[in-house]
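A quick write-up on the structure given underneath.
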Amino acid sequence: MNAMRLIVLGLLASGSAMAGSANTQQQPQVWEKLTPFRNFEQFNEYRQKARQIARLHGYWWASMRARYAGGPLLAQNAAPAEAAPCDPAVQDCGQGDQLEEVVTTGLRASAGNASITNNQEAGVDEGDIVKAYDRFIVVLQHGRLSSVDTGDTSGQLRLVDRVNVYQSEDLDSWIDEVLIFGDTLLVTGYSYKENASNIALFRIDKDGVFKFLARYFIESEDYYSWENYATRIVDGKLIIYTPFDLSEYGREQEFPLPRIRRWTEQGGYTPWQPLFSITDVYKPIQPAFTPAMHVVSACSINLAEALECRSRGIVGPWEHEMYVSADHVYLWLAPDSDDLGRGRHVEACAAGEDVFKKPGWPSAAYRMTISSGVMGAVHTEGFPPDQFALAEQRGALWALVRRPPLECDLPDVDDGDNQPLALANIPLDAFSIFPPHVESSDHFRVPAASGWDLQSRFSDGYLLYGSAQGRARAVWRGEWGSEPYKNGNLAVIRLAAPRQAAVLEMPHSVDRIELFGRNAVAFGYQPNDDYAVSSVALGRHSRRSDTQAMPGVFESEGRSHAFNALAEADGSGIFGIPTMDSETYRNERYGDTPVDVQFIVASNTLDLDAANKIAGTPESQLRATGYTCEVSCVDWYGNARPIFYRGRIFALIGLDFVEGALSDRRVVEVTRLNLAATPEHVRPMAAN
């Protein structure tokens, strides 16, 4: 797992703490009950014992005297730092009111900002680089927000406004995701120079013009993730997750609970305030030789009042996956081999042995109810490969998990290859402060997926999964060997009958699975290197319907948001994916070469037809207007999106914003807008 560049936003919340029963002194301390720490002294006592046990087992971090990366933040029991004569762009200069007294005007709800993001869950919006408001498309690119007026009819694109989200090009900032709630935009960023995350708030008006509202600075660790997203909005609440590696802090250091402050043009900076209390942090129920603190925050987005958040922390092993449903935030924590015990040696599993009859690697799933902050947990087995392997459906949390055996080692298993898979079914009422153990009967055995990169998607009542095959792995590693791609299989499980699985043979590897209306599409590579997509009809007898090959094409972005689709009620529709010429991808993957957006149309019987592509322009040509990129000049979150909005077709391709139209099952270009051009609204570039 990559360390997530995710941020925490929270205010004080109360919680009672009760002592639990610990394991023996030779093993990491755990509690039977999910209960918070009583105070910071009890938390420090746990940290001291954890360090002593880790030292006995030979863990290097346990003898560390100081944090090896960066400087210490403010400790929980330390006084706030004095503000030195300062640069107000990066320091607290003593301006403004207290955080809890600062308010802005209220949000105005709007029905005009329907989501254009390929979200995992309906009603759970995710941070992305494009959002819609009324007739406007908002684009986040190079640390700037641009407002594109799509007009009332086709062919009327206008660049209305552009504003810097970042404060200064000198702050080494990355501006990554934008969310929209009503007419307010929430933009997440991070500065490595200041070791701080921030959320910048802007309002967009009826003419598409941006107004800066406020900026929140949060002391935090980096929150970037290759797969998952930093932010969610659920029922008017901002959901944010942050992990903190406790082993990074030496034995002589206090653990520094992060702080928050706010900056506005009118009030300047507020004093630093703590994000949450140690009494919001729950004691570990899982053993961890290298413990981490995982924090989930739910923040009410009501700017007519003080920004209020509820935070909950969990101490446990580092390996984690987050999933957000319409009602709950789930964290699945699992040990790595070190957490099971350094120097642990087990025999190889016997040939032909049924490993499902043996215990699997232990793990735990935690659930926070968004509306109340109530916590619960269960003990289980295995680990989901990503957030898409989790779904809340039919009164249960379903999870596709890799389930290696605890008591023996499987031969020829590398990075997930051929690991046994199970489908966990955890009733929602099982989550408790006295975490029960999920029984083996609640882990359904499902077909293995041979390959290195497990892909999965839950639809309404179905689970689909498969793996990348052959050369796809070499390409991911930056290698172009002679190993060919291999055809793969796509498993389809109907949740109403989870012991029955349809295994569909695919004429390509399975590198991406996406939902398309009530059905699905799977992308991959054929043995002759052609990129291909197959449509899959879901039902009691699921089947592959059609396959469309795209020779000379390579998918340019692996994130889920790169895909988007418009499906009609009869099953027909159109979808798109960013691509590049294969040779260009090999040689200039991160160069000035633009990507394309490839469109595919589907009939009501799921017959597929390539509907042409819209090509981008090299950014060096578009920047000839004098546009200069100052921050976030590497597009970690991608720079291309197919967009379907209000019955029209658009494509963001680098600094090109293009409108297309469907004619005779082909997408043809209607008009193109240069996002590097001078916008119509002229604004003073004041600090924000």
*Have a look at 510, 553 and point out the one that is under 20 Å from residue 463 (Cα atoms) and buried (at least 20 other Cβ atoms within 10 Å of the Cβ).*
510
*Do you know which of the residues in the range 371-382 that are crowded, with 22+ Cβ neighbours inside 10 Å and of a type in the set (Val, Ile, Thr) is farthest from residue 422 (Cα to Cα)?*
378
*Given the conditions (1) under 24 Å from residue 196 (Cα atoms); (2) at pLDDT below 90, and given that residue 40 satisfies all but one, which numbered condition is not satisfied?*
(2)
*Leading residue by the ranking (nearest to residue 327 (Cα to Cα)) among those in the range 384-398 that are within 17 Å of the chain's Cα centre (by Cα) and of a type outside the set (D, E, K, R)*: 391
_Every residue from the range 563-581 that is at pLDDT below 95, buried (at least 18 other Cβ atoms within 10 Å of the Cβ) and among the small types (Gly, Ala, Ser)_ = 571
*Residue tally, condition assigned to a loop (DSSP other than H, G, I, E, B), within 21 Å of residue 554 (Cα to Cα) and of a type in the set (A, V, I, L, M, F, W, C), over the range 484-516*: 2
*Tell me, yes or no, whether the range 517-531 has at least one residue that is modelled with pLDDT of 95 or more, closer than 27 Å to residue 426 by Cα and in a strand (DSSP E or B).*
yes
*Return a yes/no flag: does the range 453-473 have any residue that is surrounded by fewer than 18 Cβ atoms within 10 Å (Cβ to Cβ), farther than 23 Å from residue 515 by Cβ, at pLDDT below 85 and of a type in the set (Gly, Ala, Ser).*
no
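Let's see how each residue does on (1) part of a strand (DSSP E or B); (2) of a type outside the set (Phe, Trp, Tyr); (3) in contact with an Asp or Glu (Cβ under 6 Å, 6 or more places away or on another chain):
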position: 256; (1), (2), (3): no, yes, no
position: 263; (1), (2), (3): yes, no, no
position: 286; (1), (2), (3): no, yes, no
position: 289; (1), (2), (3): no, no, yes
*What is the residue count in the range 603-627 for residues that are of a type in the set (D, E, K, R) and in contact with a Leu (Cβ under 7 Å, 6 or more places away or on another chain)?*
1
_Yes or no: the range 390-398 includes at least one residue that is acidic (Asp, Glu) and not in a strand (DSSP E or B)._
no
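The values are calculated or read from the model by the stated rules, or taken from the named source; none is laboratory data. Note that the coordinates shown come from a computational prediction; the quantities given were computed from them, not determined experimentally. A quick note on method: Cβ atoms are made from the backbone with ideal geometry, for glycine too, and the neighbour counts reach across all protein chains shown.
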